[in-house]
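First the structure, in the form of structure tokens, and then the observations on it.
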Amino acid sequence: MAKNKKQLPILEKVLITGIAAEGKAIARYNDLVIFIPFVVPGDVVDIQPTRKKNSYAEGKAVHFHEYSPQRAEAFCEHYGVCGGCKWQILPYAEQIRYKQQQVVDNLVRIGKIELPEITPILGSEKTQFYRNKLEFTFSNKSWMTEEEIRSGAAIENRNALGFHIPGMFDKVLDIRKCWLQDDISNQIRNEIKSFALQNGYVFFDLRNQSGLLRNIIIRTSSTGEVMLIMVFFEDEKEKRDALLNHIAEMFPAITSLIYIINEKANDTITDREIHVFKGNGFIYEEMEGLKFKIGPKSFYQTNSGQAYNLYKIARDFAGLTGNELVYDLYTGTGTIANFIAKNARQVIGIEYVPEAIEDARINSGINGIDNTLFFAGDMKDILNDEFIKTYGRPDVIITDPPRAGMHDDVIETILSAEPHKIVYVSCNPATQARDLNLLGQKYRVSKVQPVDMFPHTHHVENVVRLEIKL
Ligand SMILES: C[S@@+](CC[C@H](N)C(=O)[O-])C[C@H]1O[C@@H](n2cnc3c(N)ncnc32)[C@H](O)[C@@H]1O
């Protein structure tokens, strides 16, 4: 039997004073710094510490004495249990103010950068229903909320279709309405769930690795197309066809109806076969008349509207005249490369995932772009002095690395290639600041533009322009 851990004493009437790096709120109690989710600066709460180290603790608010005047009302019924949209209790203007501050703090403290004047963060026009892709999981072990447990009522049906609870790998919160994606996503998910329950379909049991229904992925696009990917664990044709025919009939808006059988232990579908049940095997996204083909396995920025703004900023910072050789590092499906191709002499895109590079080439093809070249492989292995000798010294480098930032070898190669300008797009200002510090040997930061791609989360995107020191 699990040991009943002794609870730490409750800290009473603590004033929440700020927001910490990973989005949790912060408070001080004597010499202790405490990190607490689901509260905002100005709240006065009793805190139950859940973990304590010498100088800091983590805890949760168990009683509110005062609500901050800065608070916004949470709009989602799943708020506080679901892992997403944790900042909806902060007014949007405050959210982006904290994000801007986070960028400045990182650049100054970690990057030791002499900052130019920073343009105010670009907020997202849509703060709800802004995502174009969501994944929901089936589980026969729904997460029970504290109220459900306290009510003591026996819950017979523990089937859920929704999001994983953070830190609980086999528990899923049943979602009735999610505010992140166009409402058709809610309608499709709820219809699939009720059809499955009415017809006795078995929801996935993660621990025992059994059941028919595993995941769904819904992708929507600004062109109005909708893709539904149904992932089954077991291969039961009759039941699968009945469900997919029902959904196709109910939702003529679905232009791409796909299914996948995934009988592996993990959820990734990248190595699974795609079956197109009805319609096309892809949808399109559009930007400035350019079309981007999105297959079930393709990456595309999840907030399409803000992605367009982000790319415009990157293009503007690059200041292209049409004569430049541009390297687009970490190009993904080549969206930035194709977006700027008409402004450059040639664009070279490099990316780890071979399928993404195939998409990048297809996207050049369908848009009649013939001045792009794409290479697949690990950046630190591909981008070296030999590569630059072969393909030419870049005039401009645009780089958009993953959260971990760039490998030291990649930074070394960039420094020795000496492009006139570097445009550094980042989803993690801390690793960006670290890399900028290294690039500081030869470059100065001349522009900084934070962008909010993910309202109600603490995540922030930041675009920096570096110019070579003369
Ligand atoms: C932030 S995304 C860039 C997306 C792209 N610029 C866009 O806007 O669609 C980072 C990309 O870096 C790729 N990547 C991650 N590690 C890499 C590595 N070591 N070498 C090359 N590419 C890598 C990922 O596969 C991903 O496509």
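The values are calculated or read from the model by the stated rules, or taken from the named source; none is laboratory data. Because the structure is a prediction, the values reported are computed rather than measured. Ideal geometry is used to build each Cβ from the backbone, glycine not excepted, and the neighbour counts take in all protein chains shown. For accessibility, only protein heavy atoms count, side chains too; no ligands or nucleic acids. Shrake-Rupley method; radii C 1.70, N 1.55, O 1.52, S 1.80 Å.
Measuring r between the beta carbons of ASN208 and THR270 and using R0 = 35 Å, the FRET efficiency lands at 0.90. What is the percent carbon and sulfur in the accessible area of the range 1-71, measuring with a 1.4 Å probe over the protein chains and ignoring ligands? Carbon and sulfur atoms account for 50 percent of the accessible area of the range 1-71.
Leaving out ligands and nucleic acids, note down the accessible area per residue over the range 345-432 with a 1.4 angstrom probe, in whole Å².
43
Between LYS53 and ASP316, what's the calculated FRET efficiency when r is the beta-carbon distance and R0 is 51 Å? Round to 0.05.
Working: r = 45 Å, r/R0 = 0.88.
It comes out at approximately 0.70.
Surface composition of the range 414-470: carbon and sulfur make up 54 percent of the accessible area, probe 1.4 Å.
Take the Cα pairs of the chain, get the Kirkwood Rh, then feed it into Stokes-Einstein at 37 °C and 0.692 mPa s and tell me D in µm²/s. Display every interim value, and only then the final one.
On the way: Rh = 24.5 Å.
Translational diffusion coefficient: 134 µm²/s.
Counting protein heavy atoms only, the range 175-284 has 49 percent of its accessible area on carbon and sulfur, 1.4 angstrom probe.
In nm, what is the difference between 0.36 nm times the number of residues separating LYS442 and ASN157 and their Cα-Cα distance?
On the way: separation 285, 0.36 × 285 = 102.60 nm, distance 6.26 nm.
Gain in length upon complete extension: 96.3 nm.
Heavy-atom accessible surface of the range 179-326, averaged per residue, reaches 41 Å², computed with a 1.4 Å probe.
Restricting things to Cα coordinates, could you compute the convex hull volume per residue of the range 2-122 in Å³? Mind dumping the intermediate values first?
Details: hull volume 18.5 nm³, N = 121.
Hull volume over Cα atoms, normalised by residue count, gives 153 Å³.
Once the Cβ-Cβ distance between GLU355 and HIS65 is put in as r, and R0 is 45 Å, what FRET efficiency do you end up with, to the nearest 0.05? So, using R0 = 45 Å, E works out to roughly 0.25.
Solvent-accessible area per residue in the range 1-71 equals 67 Å², computed with a 1.4 angstrom probe and all protein chains kept. For the residue pairs LYS24/LYS193; LYS342/LYS469; LYS53/LYS86, the C-alpha atoms sit more than 26 angstrom apart in LYS24/LYS193; LYS342/LYS469. Each Lys or Arg adds one and each Asp or Glu subtracts one; over the other residues with Cβ under 15 Å from the Cβ of VAL33, this totals +2. Using just its DSSP H runs of length 4 or more, each adding -39500 (n - 2.57), the chain gives a mean residue ellipticity at 222 nm of -7500 deg cm²/dmol after division by all residues.
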